[in-house]
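Read through the structure below, which is laid out as structure tokens, and then see the notes.
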Amino acid sequence: MLVVLADPATATASGGARRRFGLTDGVAPDVNRGRWLTSWYVREAAAAWLAGRLVVLAALGLVRFLADAVAEDGGTLKHTGLLGWDAGWYETIAKHGYDGAGDESRRFFPLLPLLVRGICAAPGLAGREGAVLLVVVNALAFALTVLLARLARAEGLPDAAIRRVIWLSALAPPAFVLVMGYSEALAMLFAVAGFLAARTGHWKLAALAGLASGLCRPLGLLLVAPMIIEAARGPRSRALRAWLPRSVAVVAPAVGAGLYVAWSAATYHDGLAPLTMQRDSARHGSTGNPLAVLWDAARGALDGEVGTALHVPWILLALAGLVAMARLLPASYPVWSGLVLLMVLTGSNLDSSERYLFGAFPFLMVAAIVCGRRTVWPFVLALSATMMTVYATLAFTLSYVP
């Protein structure tokens, strides 16, 4: 059965903008018939996935070269690898549980370490949580790229734009975290799956994706908003059979997060700790006025603060992308992406902001749409891959918080 994505938001005021960029309405027939698995963009996704890993390996090689050079001069260059930063926490939780990993580990939601722990229960894999974690997240990253291409096709993007979505998902500057043992690949996969399922009317799948998102990361809670928007476009009938699946999908992300919060409350008598720990000054920082946070960041960049200067351009690009998104994509996309951006800007510490914004995948779709000129796209792709190498190198030398 062919499902058409009828969306008043993209059929009226923004219809001209969509047509100008070659976007069409409705789902391509092969999306719902399963033929997308043999489509060209699966092969394109494999090439982009491999390119992303080569970029990260190049960054690791550069870090090793720098460390050896510093050591020859009698110094020490502190550095880490694919299991550094948050990846180390996920590995430790998978291996020892939250008790063995320490109190701070509870700020990491359980789905990824549980998945790794379950796989490591298989014969011969005990004690290899780190290797299993890397294999799992990299496999999920490939699945994410393929599913994102499917969603882009469903939303009417032309083939050339889908190809750009694929490459940006693998080579955007923060995309090196998809190679590390981070939860980004898993979280983004379920977010994309939730949008695709809701937009095509598969509400049971949308509910499952939302539940998993809530168990994966705190930001998974934000999926409630786009689910409300898509559910509101539901059937005119008031029959329970028509609205129950939509209602379940709406609350599923909150239920997922609530399960972990309830477990934390029952086990440690502090259910909100997984959420409040993120507001520590060493992490996301205390809640503040988004305008004040943005002003302070811009002023810091002008004063030569290197760390802040790395964040400000991406915040500004995200704001511009959000405006374009409101004209090019259905309302659920800019609402969700805007909430993610708002969460970033309410924290006094902008560390990891690029990673959070990268997780809001509609920004990738917008970038792919607007960077389609032949004179623009090669430059954007080359610059993106270069910046990915730079950011990965800075992260591996502990100079940048991914």
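Extension gain MET387-LEU316, at 0.36 nm per residue separation less the Cα-Cα distance, in nm?
23.9 nm
Mind ranking 109-115, 213-219 by how tightly packed they are, going by the mean number of other C-beta atoms within 10 angstrom, highest first?
213-219, 109-115
Work out from phi, with θ = phi - 60° and the Karplus expression 6.51 cos²θ - 1.76 cosθ + 1.60, the ³J(HN,Hα) of each residue of segment 123-129, listed in order in whole Hz, and give x for Gly and Pro.
Couplings: x, x, 10, 4, x, 10, 4 Hz.
Starting from segment 202-251, pick out the trypsin sites (Lys or Arg not before Pro) whose DSSP state is loop and whose Cβ has at most 14 other Cβ atoms within 10 Å.
Sparse-neighbourhood loop trypsin sites (Lys or Arg not before Pro): ARG236, ARG238.
Tell me, what ³J(HN,Hα) does each residue in segment 195-200 have, in order and in whole Hz, if you take phi through Karplus 6.51 cos²θ - 1.76 cosθ + 1.60 with θ = phi - 60° and put x for Gly and Pro?
These are the phi-based 3J(HN,Hα) values: 5, 4, 5, 5, 5, 9 Hz.
Take the chain, drop everything but the C-alpha atoms, weight them equally and run the Debye formula without solvent; then report log10 I(q)/I(0) at 0.08 Å⁻¹ to two decimals.
-0.43
Once the dipole of segment 150-206 is set up with Lys and Arg at +1 and Asp and Glu at -1 on Cβ about the Cα centre, which of HIS202, ALA172, ALA152 lies farthest towards its positive end?
Toward the positive end, the furthest listed residue is HIS202.
Taking the chain as a Gaussian network, Cα atoms linked when under 10 Å apart, which of ALA154, ALA121, ALA209 shows the biggest mean-square fluctuation?
ALA121
If packing is taken as the average count of other Cβ atoms within 10 Å, what order do 52-65, 252-265, 73-86 fall into, highest mean first?
Descending mean neighbour count gives 252-265, 52-65, 73-86.
What residues have an amide H closer than 5 Å to that of GLY347, excluding those fewer than 5 places away on the same chain, when H is modeled at 1.01 Å from N in the peptide plane?
GLY288
Rounded to a whole number of µm²/s, how large is the Stokes-Einstein D of segment 194-252 at 25 °C and 0.890 mPa s, given Rh as the Kirkwood radius over C-alpha pairs?
221
Return the calculated 222 nm mean residue ellipticity for the chain, to the nearest 500 deg cm²/dmol, obtained by summing -39500 (n - 2.57) across DSSP H runs with n ≥ 4 and dividing by the residue count.
So the calculated ellipticity at 222 nm is -21500 deg cm²/dmol.
Which ³J(HN,Hα) values, rounded to whole Hz and listed in residue order, are derived for segment 244-259 from phi using the Karplus coefficients 6.51, -1.76 and 1.60 in 6.51 cos²θ - 1.76 cosθ + 1.60 with θ = phi - 60°, glycine and proline given as x?
Along segment 244-259, the couplings run 4, x, 5, 5, 5, 5, 5, 8, 4, x, 5, 5, x, 5, x, 4 Hz.
Using amide H atoms built in the peptide plane, which far-off residues or other-chain residues are under 5 Å from TYR400 H to H?
HN-HN under 5 Å from TYR400: ALA395.
Mind ranking 378-388, 191-201, 39-49 by how tightly packed they are, going by the mean number of other C-beta atoms within 10 angstrom, highest first?
Top to bottom by mean Cβ count within 10 Å: 191-201, 39-49, 378-388.
A short reminder: the numbers here are calculations on the coordinates, not readings from a lab. Quick caveat: nothing in here was measured; it's all calculated off a predicted structure. Cβ atoms come from the backbone with ideal geometry, glycine included; neighbour counts cover every protein chain shown.
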